[in-house]
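For reference, the structure is listed below as structure tokens.
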Amino acid sequence: YIPLPVIAFLLLLSGCADTFDRIRETYVTRSEGEHTGLIPPQHEENVRQPMEVISRMPWEQWPLGADLNGNPFRNKDLIAGDEYLRRGMYSAALKTFLKIPVSALSPLEEEALVMRIASTQLAVDQPADALETLSSYFRKKGLSVDQVDMRFSLVFAYAYGRLGEINQSLAWFSRVHRLSGGRGGMQEAAAKGVRMLLRSLPEGKFYALAPQWANDSFVRASIGQESRRRASTGTDRFAGNRRIGRFWEERPDRIVTQTGVVTAPGGKYRVGVLLPLSGRYGPLGQSLKNGLELAVKSQDGGEFVELIYRDTAGDSLQATIKARELIAVEGVNLIVGPLLSDAASAVSGIVRQEGVLQIAFSKRESFFTGNGVYRLAPTVKSQVYSLVERCYKTLGLRRYAVIYPDDFSGNQYAAEFKGRLEDLGLELVYERAYPPGDSAALAEISSELEAERVDAVFLPDNLRIAAQFAGNMSSAFRSRVKLLGPASWNNRAELLHSRTVLDGVLFVSPFFSESSREIVSRFNAAYRARYKKAPDFLAAQGFDAGTMLAAALKRQHSEGVPFVEAFNSIDLYRGLTGEISIAGDGEIQRNFKVVKLMAGKLVELSSVGTTPSFIYRGNVPLDQKSRQTPDSLVRKQRETNGSDYIGGALY
């Protein structure tokens with residue numbers, strides 16, 4: 001039990017008093033392509049799937065679709081935002097919530113909205129913004145600390161912990177424990193939060209807490225449990241080497257990420273690979289495997305790599321079993337995969353627990369990267385970013401319209417598109433959602449758009465709908481306005497079937513196999529020679545993943561640079577699937593190519609970078625004497641079957 005004066009005292013320690021004006025010294029205010037290999041909607045588990053709730057954050061102790069008292073929502077925007085939360089799409093949910101006018105809400109709906117905004121800000125790693133949202137609300141209501149209920153208190157606790165303000169966080173966790181009576185889901189969330197927060201602390205900070213919390217039975221007991229854990233397992237080296245991260249999802253019992261990838265007795269680096277190689281998703285996993293192997297066989301550094309495969313069969317449980325087998329039996333500390341989102345999320349929990357690295361291919365927005373977990377995938381965000389960036393910077397388009405099906409996928413694309421326009425200061429002239437497949441609605445939208453001054457129209461639907469929409473427009477409108485689409489438009493047969501009305505359309509192409517870039521043509525030839533078929537997107541993505549993997553391992557081998565440092569230092573890799581860089585949070589960012597249908601031919605909007613190359617931060621070649629020209633960075637390797645294999649050198 002922690003009496004209220006203790007909380008007030010802790011607030012005073014950080015320049016705070018008993019009102020929310022002083023909680024902080026200052027408030028700080030984030031249809032299937034024919035030969036693309038992209039997982040089609042019916043195959044990707046996060047599109048058009050049965051209603052399910054993705055695992056929620058530990059502070060989300062409130063019902064979806066209702067206010068905090070359990071009354072069902074009537075406001076359609078709150079319902080839409082909760083649907084994003086149900087799917088684990090926190091960024092889209094946050095954008096939806098932030099645009100809801102408070103004046104249109106009842107007091108209970110406003111309270112629920114504030115809770116959702118703060119919770120979602122914390123979920124997307126904006127803890128300072130979450131604190132500002134809560135503090136502003138309670139200031140507005142004239143409420144003090146002792147009037148905050150335990151659900152809001154829990155968000156305060158996790159947000160302060162994420163910012164590293166340990167005493168503030170513990171005070172709020174203790175408050176939740178007291179208000180819950182030490183029972184139920186709220187108590188469990190508080191106990192887990194304290195346990196994981198304490199585990200994340202380095203030795204000095206942790207042991208300094210005991211005297212400060214001697215009078216709080218809840219926190220004191222938690223400190224005692226953590227002390228016993230440390231005594232039995234040894235010092236938590238991981239905690240001492242980093243800032244406090246998303247402590248609620250980290251269980252760093254082992255630490256290998258600060259060293260390098262382990263080697264087998266023969267000197268090769270052992271890398272585990274989890275892919276669906278049988279069953280429904282087997283062909284998809286096999287394509288990625290083919291590209292990965294082609295890269296490893298052709299890269300400088302690839303000769304040091306041993307790939308150890310395990311078949312997930314597209315099943316999450318099987319993926320976790322195989323991941324533990326790779327770690328415990330094979331001794332790997334780097335896992336590539338899984339491909340499907342549910343399996344990738346399940347494995348990410350294991351690798352974080354075991355201190356193992358992961359390069360996953362999940363497209364789901366809620367997949368968390370960081371702390372040794374990386375993600376390489378064509379997310380909706382990366383598609384929209386690439387499309388708008390290219391249209392604005394290459395074509396100078398400034399005035400946009402967005403029309404989209406009023407379903408999960410359409411709303412996701414529209415939210416990202418509008419957000420990107422806002423980021424670049426571009427103008428959204430027209431917006432309209434329509435019931436999926438509604439021809440009458442499309443005809444009405446076409447009529448309205450004819451009167452608008454727009455440069456481009458974004459239509460994230462299938463090509464059949466795009467052709468129908470374009471057919472409704474006058475030829476004059478089609479000639480002056482660009483029609484933009486997602487990666488699923490990369491379907492040559494459908495495009496050519498409707499080329500009269502679709503001529504001039506632009507769309508994202510994560511892998512444009514008809515590119516004039518030499519690296520693409522060489523990859524196509526090498527892939528055909530080895531596998532007797534054309535490569536698809538997943539094959540190209542596997543090749544890019546393998547190229548970056550081999551490059552980082554080569555630096556580890558030749559320079560002694562730890563794999564994590566070498567991998568994180570990749571500032572730019574011009575790969576088959578776009579311009580790739582590694583973000584600090586583990587997100588592998590990608591700028592895709594944009595393709596135009598022009599007079600019955602598909603052409604890249606621009607062709608920057610003709611060979612795959614690496615630019616490292618603080619770029620210093622491995623061997624200054626052997627620095628080569630760009631043309632010589634493409635290496636050929638003669639195999640016994642006579643085919644040429646290509647691969648990007650390090651620099």
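Every read-out reported here was derived from the displayed coordinates using simple, explicitly stated rules and does not represent laboratory data. All values reported here derive from a predicted model rather than from experimental measurement. Note: ideal-geometry Cβ built from the backbone for every residue, glycine included; neighbour counts use all protein chains shown.
Under the convention that each Lys and Arg Cβ holds +1 and each Asp and Glu Cβ holds -1, the size of the dipole of segment 368-504 around its Cα centre is about 580 debye. In straight-distance terms, cross-link reach from K322 covers every one of the lysines whose alpha-carbon lies under 20 Å from its own, apart from those fewer than eight places away in the same chain; here that gives K289.
Taking 8 Å as the Cα distance limit and 6 or more residues as the minimum spacing, I'd like the relative contact order of segment 386-530 as a percentage. Taking the mean separation of contacting Cα pairs over the length of segment 386-530, I get 21 percent. Taken over segment 455-569, the convex hull of the Cα atoms encloses 147 Å³ per residue.
Over 19 Å apart at the Cα level, from the set K95/K140; K95/K381; K363/K533; K95/K192, are K95/K140; K363/K533; K95/K192. Projecting the Cα atoms of V219, G204, A231 onto the dipole axis of segment 185-232, where Lys and Arg carry +1 and Asp and Glu carry -1 at the beta carbon, places A231 farthest toward the positive end. Both numbers refer to the Cα atoms of segment 269-374; Rg and Dmax are 12.8, 35 Å. The rule of thumb for compact globular proteins, 2.2 N^0.38 Å, goes into the C-alpha radius of gyration of segment 404-496 1.05 times. Averaging 1/r over each pair of different alpha-carbon atoms in segment 320-382 and inverting the result gives 11.5 Å, the Kirkwood hydrodynamic radius. Using the alpha carbons alone, the radius of gyration of segment 364-436 stands to its Kirkwood radius in an Rg to Rh ratio of 1.03.
The label-point distance for L424 and Q225, in a model that sets each label 7 Å from Cα toward Cβ, rounds to 5.0 nm. Sorting 307-318, 285-296 by average packing, meaning the other beta carbons within 10 Å per residue, from highest down gives 285-296, 307-318.
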